[in-house]
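Every number in this text was worked out from the coordinates using simple rules, so none of it is lab data. Quick caveat: nothing in here was measured; it's all calculated off a predicted structure. Note: ideal-geometry Cβ built from the backbone for every residue, glycine included; neighbour counts use all protein chains shown.
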Amino acid sequence: MSSSITGAASCGGWIRRYRHVPAPRLRLVCLAHAGGSAGSFRSWPALLPHDVELLAVQYPGRQDRFGEPCPDSMESLATAVTGALPPYLDRPVAFFGHSLGAAVAFEVVLRLERAHGTPPAHLFVAGRPAPSRPKPSRNLHLLDDDGLLRELSPLGGMEPLVHTDPGLRDVVVPALRADIRIAETYRPEPGLRTGAPVTAYRGERDAGVDDADVRAWSGHTSAAFASRTFAGGHFHPHERTAELVADLAARLDGVGRRGRAA
């Protein structure tokens, strides 16, 4: 299996496809944490079934989109991601979002339902309290660079060189700050629900997401709800990748099979 970027999704824009699947049973759209990128999911295609195609969302302001301005609100980010997806909606589509990406995925799913009248196949969220359980804003995005990095370091997931290499810091921090601003200013409408089944994941050492935060996601779906806790902290999706992807794949096992058989 090649890990190189393939097809039209390789040249700019919002979607990265690290393994092309000619006739996928379904597509899994993955959205990263604050400061993260499509590359966070580069290893996932090799862990998925051969008939599942992974589409990783590349936020502006990082990697090959470094020169583009970062979105300044959840509205602009979710609307732009939604607008990039129609070419891939000829197959069932599921979503996975981690931390900030979970909130973005939820908003994108709602927009797709409004536009097309049917919910996606599944919504997987990790490392994020349900929209009905907002945390008090700490206004981290208003801190200086040192303060922002100091506050976020306990979560893990950050390259140590960011703290000591000024050049790397200049590359990483602007996108990280923009993403944190979106997360901290996100004010979802009360009572939002998707028709898609929802599975919520948590790391047992993630101090920012407790069991009640996870269970509250059940109030945001009119379909089935499930949850699971993994060993690890806030970045458990990248600490326990094989376990999480296996769980996710098992929950998607039946999606698209009846249509293919017909």
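Quick notes on this structure:
- If you model the chain as an ellipsoid using its alpha carbon gyration tensor, with each semi-axis the square root of five times an eigenvalue, the axes come out at 27, 22, 18 Å, biggest first.
- Amide H to amide H distances under 5 Å link Thr194 with Thr221, Ser222, where only residues 5 or more positions off or on other chains count and H is placed in the peptide plane.
- Residue ranges 232-238, 142-148, 72-78, 32-38 sort as 32-38, 232-238, 72-78, 142-148 when ordered by packing (mean number of other C-beta atoms within 10 Å per residue, highest first).
- Pairs of Cα atoms nearer than 8 Å and 6+ residues apart set the relative contact order; for the chain it is 19 percent.
- Among Arg187, Arg133, sorting on how many other beta-carbon atoms sit within 10 Å of each Cβ, with the fewest leading, yields Arg187, Arg133.
- For the stretch 149-156, 3J(HN,Hα) per residue [Karplus equation, 6.51 cos²θ - 1.76 cosθ + 1.60, θ = phi - 60°, Hz, x = Gly/Pro]: 5, 5, 6, 8, 4, x, 5, x
- Each peptide in 248-257, 19-28 was scored by the mean count of other Cβ atoms within 10 Å over its residues; highest first, the order is 19-28, 248-257.
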